[in-house]
Amino acid sequence: AVSGERNMNIVTYAMPVSLPQSNVWAVSMFRGTVSARAMIGRRRGMLQILGERHADLVPLFGKSSRRDVDKLAAATQMGHRFVHVSEARQDLSSSVEVAQAEVVVAILEDCVGYLDLAVEAIHPAGDHDLCLCTLLAYTPMAGAARGDAPLTTSFLRENGLLPAAGQLD
């Protein structure tokens, strides 16, 4: 298995583009980050759905850079545990399995779930890039089995981890 540059990042916005059961997602990436460079450069990414229990990771994942901090090691020191999973291997133009180097990604074992995404289009949006992605796979994790509430902007604001709407940090 070949491990790529591992990083954890908080995306500004992520949402399905249509309902029900959309296979198209919009993901906003802060331009210039290690995560954005990796996802856009590889045109692939794993998006973890964090639960409220992961709120303590927001400063680490969202306010520090992989250039300065090994986020996986720091999160592990905080008591979070990870499993390592492989990206789906598909030739996206033909939906035929192909032999490629395996990319192994660290996923929080108790996240709600994770999405394996292929970046189809990139649109500049101020200091962010909006990535339109195809959902290749969704995998529920321990948080989904427990019925954990997903981590939301509202929860972060209510708990003082984000400034109130309209205020700058």
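Across the protein chains, with a 1.4 Å probe defining accessible surface, the residues H54, H123, H80 rank H123, H80, H54 from largest area downward.
Stretched out fully, how many nm does the piece from S65 to Q21 gain, at 0.36 nm a residue minus the Cα gap? Don't jump to the answer; show the numbers that get you there.
Values: separation 44, 0.36 × 44 = 15.84 nm, distance 3.31 nm.
Taking 0.36 nm per residue and subtracting the Cα distance, the gain is 12.5 nm.
Note on A74 and E158: the model spin-label points, each 7 Å out from Cα along the C-beta direction, lie 2.7 nm apart.
Distant-in-sequence amide contacts of V24, defined by a placed amide H-H separation under 5 Å and a gap of 5 or more residues or a different chain, comprise V17, S18, L135.
The values are calculated or read from the model by the stated rules, or taken from the named source; none is laboratory data. Keep in mind it's a predicted model, so treat the numbers as computed, not measured. Cβ: placed from backbone, ideal geometry, glycine included. Neighbour counts: every protein chain shown. All accessible areas refer to the heavy atoms of the entire protein, side chains included, with ligands and DNA or RNA removed. Shrake-Rupley method; radii C 1.70, N 1.55, O 1.52, S 1.80 Å.
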